1. Report whether or not C:VAL108 is within 21 Å of B:GLY72 (Cβ to Cβ), more than 8 Å from chain B (Cβ to nearest Cβ), of a type in the set (A, V, I, L, M, F, W, C) and without any contact (Cβ under 8 Å) to a residue 60 or more places away in the chain.
2. Return a yes/no flag: does the range A:264-276 have any residue that is under 29 Å from A:ALA50 (Cβ atoms), part of a loop (DSSP other than H, G, I, E, B), open to solvent by less than 10 Å² (accessible area, probe 1.4 Å) and out of contact with any Gly (no Cβ under 8 Å at 6 or more places or on another chain).
3. Exactly one of these conditions fails for A:ARG59: (1) touching a residue at least 40 places away in the same chain (Cβ under 8 Å); (2) closer than 30 Å to A:THR265 by Cβ; (3) crowded, with 24+ Cβ neighbours inside 10 Å. Give me its number.
4. Can you spot a residue in the range B:240-257 that is of a type outside the set (S, T, N, Q), within 11 Å of chain C (Cβ to nearest Cβ), more than 26 Å from B:PRO210 (Cβ to Cβ) and part of a loop (DSSP other than H, G, I, E, B)?
5. Taking the stated definitions as given, is B:TYR147 within 9 Å of chain A (Cβ to nearest Cβ), of a type in the set (Phe, Trp, Tyr) and either touching an Asp or Glu at 6+ places or on another chain (Cβ under 9 Å) or in contact (Cβ under 8 Å) with a residue 12 or more places away in the chain (or both)?
6. State whether the residues of the range A:131-145 include one that is open to solvent by 50 Å² or more (accessible area, probe 1.4 Å), under 21 Å from A:SER17 (Cβ atoms) and out of contact with any strand residue (DSSP E or B) (no Cβ under 9 Å at 6 or more places or on another chain).
7. With more than 17 Å from C:GLY134 (Cα to Cα), more than 17 Å from the chain's Cα centre (by Cα) and at pLDDT 95 or above as the only criterion, which of C:ALA199, C:ALA181, C:ALA194, C:ALA227 stands out?
8. Test B:ALA6 against the criterion of being open to solvent by 20 Å² or more (accessible area, probe 1.4 Å) and under 18 Å from B:PRO139 (Cβ atoms), and give yes or no.
Amino acid sequence: MSNPLAGKDLLSTQTLSREAIELIIAQASTFEAQCQEKRKLDVLEGYILATLFYEPSTRTRLSFETAMHRLGGDVISVAEATKSSSAKKGETIADATRVIAGYADVIVQRHPRPYSAEEAAEGATVPVINAGDGSHEHPTQALLDLYTIAKERGQIDSLRIALVGDLRYGRTVHSLAYALANFDVQLTLVSPPALKMSAQIVDEVRSDIPVIESDDLASALERCDVAYVTRIQKERFDDPADYEALKASYQIDRSLVKRTNPEATLMHPLPRVNEIAPEVDQLPNAAYFRQATNGVWARMAILALVLGAKVEG
Amino acid sequence: MSNPLAGKDLLSTQTLSREAIELIIAQASTFEAQCQEKRKLDVLEGYILATLFYEPSTRTRLSFETAMHRLGGDVISVAEATKSSSAKKGETIADATRVIAGYADVIVQRHPRPYSAEEAAEGATVPVINAGDGSHEHPTQALLDLYTIAKERGQIDSLRIALVGDLRYGRTVHSLAYALANFDVQLTLVSPPALKMSAQIVDEVRSDIPVIESDDLASALERCDVAYVTRIQKERFDDPADYEALKASYQIDRSLVKRTNPEATLMHPLPRVNEIAPEVDQLPNAAYFRQATNGVWARMAILALVLGAKVEG
Amino acid sequence: MSNPLAGKDLLSTQTLSREAIELIIAQASTFEAQCQEKRKLDVLEGYILATLFYEPSTRTRLSFETAMHRLGGDVISVAEATKSSSAKKGETIADATRVIAGYADVIVQRHPRPYSAEEAAEGATVPVINAGDGSHEHPTQALLDLYTIAKERGQIDSLRIALVGDLRYGRTVHSLAYALANFDVQLTLVSPPALKMSAQIVDEVRSDIPVIESDDLASALERCDVAYVTRIQKERFDDPADYEALKASYQIDRSLVKRTNPEATLMHPLPRVNEIAPEVDQLPNAAYFRQATNGVWARMAILALVLGAKVEG
């Protein structure tokens, strides 16, 4: 099978084809199965991953690092790149990644500035993977989300998917919306008016798939197969009272699930604070912790594919 | 030999049996011998350790990571977990470890809050090892301490052991006292009145072994086989003058050792500041740097045993 | 071939012989060639490197860690050692490295205090490599610089080398000047008067090779084969106006290169801010990014040699 990702950066889901997404999902599934048999593969033996985080992160960085270890590779890591002497001295992102490309075979970068991944890719002579650039995109999260949907529901096509919460600043939902536009799905966007997804993204996605916008969580839950919930942050509101007023209407508890749609697959990029009650965790359709674990298999696939590794099916 | 630690958390020494402690000591000794022959074993090949430190640490984290490498495993690490976006966003400890249990086969956590290790274990589906929870416990330090005593003195039973310094807030002495209660030892607790071990712990330990409390370091040294010294922190005293007044009476130098007990094995969990003078380091019974190195062998044993690894004797 | 570095610390270039430097260069070249064939060697399999950084760093730490991985070894790392509990509690550097020497086979330390590497070496029972001690020295940078000069120019002897920028506080130029004094080179030191290299270093170097001091960048460029440029920091000047006044005269752009010496090899320890314009990067003699990558090969050689590893030629 040809690999359209080999040697390429992964900066956004906007430019990913359905073929590329399906390749990643298939490869993630293969790796997941292989790792049940054997804890460590030798697919990327001798390769080095650099994780370069200008914003602190736990799950994204760790799951990439575990992915690399399970593929037999090694890792070098800057967990707090903003504090590095280079960044303080005013080095550009492009210079930093150009140097690190001399040390590593692939670079995973998180940075608070939108499009900083593009700057990184410009400097680097090795593939750069965007692990979050401000409120812009987080493509590998979207890919593990798609892998999770495919696993939990058997397929992606024909599903009705609701994205819930902060759709304006949440980078994961941006990348996910773009990625879902490649499939035959129906999207419902559920958010407070102040946190609606930008018209630009909605328009782009709507040119491919049907998109409904709503601020009514209960009825959106009733009409969906998958609810993808994100956190609403108090600090996004000018008036804290506005936050308090709507907080409750974006909280999912067992009673709401039971009342609206006990079958909907519940997802969340995590960390979760109040938006899904812990009592929901025990429900069989509460998929968010399985979703986190899927990050390892999806990122194994991404690393192996951008590095053009020979992999068995 | 049956392994009572396999698949279990290691949160406290309070619930460790003598059998389990002896198994760890025996395994540590085996690993130490094997590593003289071969720098790296394959006991945990393909396993991943996550070190999750909500409090900065050097020696505990590094010795666990070295232990994992020497066993052939891989490591993912959060050296400053309090700064991670998840902790800042208000994620619970249980959620954090539940996610990380999807990335790693065993989790070592340090956190400033007592009993936070229990919270972590509740969330995780893999073994959690407590690497210090506030002023509560530090069980793996106690285990390397016991391994050190066994190596330095040939046995633990029948020894007279003095714990010296801050016995109120020092978590290492809490775990060590609980662990020693499994052996036929006599314990002397030497501390300023304000820093006495809590009556609750003393009573519990005293139900198993004889415990003497004292604030006279010199005579305690005279009557012990092992002196375990910990740091007294200025900030524990309401009035700094109180600290200055007693500081000198808790400092061990060569002359004190010579005068009281030149044979006593001297231990310290380190870092040491003023409580043991550098001139003492050269004495053959100054065991504290050997003790630090023993952390590697003891932690190799702990990791291998909680992971239920097949090990040769 | 005998290896004068085996088991030794690497604290300074002042005491390095020409023989030792040439051994490192030859070994770096061998490793670079071997890594074109095979991504990972087994030269240091089972060995553990500890990187201990009391000052944040990206390139030095990461290139050492990549070097260790490519040699088949493992790494433990403290990226922010000043924040570690031990340093905060007042542990000495010697105690810290003595403990870490129980966990690792070689220690790479960066610390803001001059001669702190000597303190570290005093405590450690394993080789200590100085990765920068304040404004004093940075010997491994000098060694990768020499390797770069040798690669770019075919030899070191007979070259005219200009060191440009902050020669007072820049530790890389101190180590480089000492190292170059072993070769048959002519040195030009180009800096603003306030940032001249200390007379003590200049005198020492001048006892071996010719040294010219200047503050005229253009004519120094005209008369050199290699220009080694370092950053001038605003904060070094009492009066910011002094900095602004001379800033422009220490900036290298394409027009200056073309006008003075289009053939000179351009080097820089990086990070670069304004002192070399990005338009210069495309010139074939702009060697600074290749120089950064050479850090991996030079540090592989240093690690293997101080550890006395058996290496093939």
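The values are calculated or read from the model by the stated rules, or taken from the named source; none is laboratory data. All values reported here derive from a predicted model rather than from experimental measurement. Don't worry about glycine lacking a Cβ; one is built from the backbone with ideal geometry, like all the others, and counts go over all protein chains shown. When the accessible area is computed, the model is the full protein with side chains, heavy atoms only, and any ligands, DNA or RNA have been set aside. Shrake-Rupley method; radii C 1.70, N 1.55, O 1.52, S 1.80 Å.
1. Numbers: within 21 Å of B:GLY72 (Cβ to Cβ): no; more than 8 Å from chain B (Cβ to nearest Cβ): yes; of a type in the set (A, V, I, L, M, F, W, C): yes; without any contact (Cβ under 8 Å) to a residue 60 or more places away in the chain: yes.
It is false that C:VAL108 is within 21 Å of B:GLY72 (Cβ to Cβ), more than 8 Å from chain B (Cβ to nearest Cβ), of a type in the set (A, V, I, L, M, F, W, C) and without any contact (Cβ under 8 Å) to a residue 60 or more places away in the chain.
2. The answer is yes, given that some residue of the range A:264-276 is under 29 Å from A:ALA50 (Cβ atoms), part of a loop (DSSP other than H, G, I, E, B), open to solvent by less than 10 Å² (accessible area, probe 1.4 Å) and out of contact with any Gly (no Cβ under 8 Å at 6 or more places or on another chain).
3. All conditions pass for A:ARG59, except number (3).
4. Looking only at the range B:240-257, we keep the residues that are of a type outside the set (S, T, N, Q), and these are B:240-248, B:250, B:252-254, B:256-257.
Then drop every residue that is not within 11 Å of chain C (Cβ to nearest Cβ), which leaves none.
Checked the range B:240-257: no residue is of a type outside the set (S, T, N, Q), within 11 Å of chain C (Cβ to nearest Cβ), more than 26 Å from B:PRO210 (Cβ to Cβ) and part of a loop (DSSP other than H, G, I, E, B).
5. Working: within 9 Å of chain A (Cβ to nearest Cβ): no; of a type in the set (Phe, Trp, Tyr): yes; either touching an Asp or Glu at 6+ places or on another chain (Cβ under 9 Å) or in contact (Cβ under 8 Å) with a residue 12 or more places away in the chain (or both): yes.
Taking the combined requirement at face value, the residue does not satisfy it.
6. Residues of the range A:131-145 open to solvent by 50 Å² or more (accessible area, probe 1.4 Å): none.
No.
7. On the way: C:ALA181 fails: more than 17 Å from the chain's Cα centre (by Cα); C:ALA194 fails: at pLDDT 95 or above; C:ALA227 fails: more than 17 Å from the chain's Cα centre (by Cα).
Testing whether each residue is more than 17 Å from C:GLY134 (Cα to Cα), more than 17 Å from the chain's Cα centre (by Cα) and at pLDDT 95 or above leaves just C:ALA199.
8. Numbers: open to solvent by 20 Å² or more (accessible area, probe 1.4 Å): yes; under 18 Å from B:PRO139 (Cβ atoms): yes.
Here the answer is yes, as B:ALA6 does meet what is asked.
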